[in-house]
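Report on the following structure.
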Amino acid sequence: MKRLLDKPYPFQIPQNTGVIEAAGVHPSARGKGIAHQMLKASMEKENFDHYVLEVVDNNATAIGLYERLGFKEFTRIDSPYPEKYTGFKEIIYMALKK
């Protein structure tokens, strides 16, 4: 996968690890399994041993999707910005081992 965003992570990214930096589905298409199919197909196409991603703590729908795909939370950090501006308190990092 091509790295799109140049952002630091609060952990080392091991060799042969794919970083999922962004995924989205138009609101009118949500709830139809499109994100699940898209992520699963992307991960099957690539040849990484592990994948990591981040999600904010108030995005229960995305967290559920990632868990169904096999991702597990491995760390959390406090948001660098006040919750009143962002709507979330923590950034959750999740990983998947193929």
Original post:
Among all residue pairs at least 6 apart or on different chains, which show Cβ distances below 8 Å where the first residue, located in region 59-73, is on the phi > 0 side of the Ramachandran plot and the second is part of a helix (DSSP H, G or I)?
Top reply: none
Subject >> Scope region 56-96; condition in contact with an Asp or Glu (Cβ under 7 Å, 6 or more places away or on another chain) and either more than 28 Å from Lys45 (Cα to Cα) or among the charged types (D, E, K, R) (or both); matching residues >> reply: Asp57, Arg76, Ile77, Asp78, Ser79, Phe88, Lys89, Glu90
Subject >> Scope region 59-87; condition farther than 16 Å from Pro10 by Cβ and either surrounded by 14 or more Cβ atoms within 10 Å (Cβ to Cβ) or in contact with a Ser or Thr (Cβ under 7 Å, 6 or more places away or on another chain) (or both); matching residues >> reply: Asn59, Ala62, Ile63, Leu65, Tyr66, Leu69, Gly70, Phe71, Thr86
Original post:
In the list Gly31, Gly64, Gly24, Gly70, which residue meets the criterion of being part of a loop (DSSP other than H, G, I, E, B), more than 21 Å from Lys7 (Cα to Cα) and within 13 Å of the chain's Cα centre (by Cα)?
Top reply: Gly70
Original post:
How many residues are hydrophobic (A, V, I, L, M, F, W, C) and farther than 25 Å from Phe48 by Cα when one looks only at region 78-98?
Top reply: 1
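Coordinate-derived values only; no laboratory data. Only a predicted model underlies this, so the values are computations on that prediction, with no experimental measurement involved. Backbone-built Cβ (ideal geometry, glycine too); neighbour counts: all protein chains shown.
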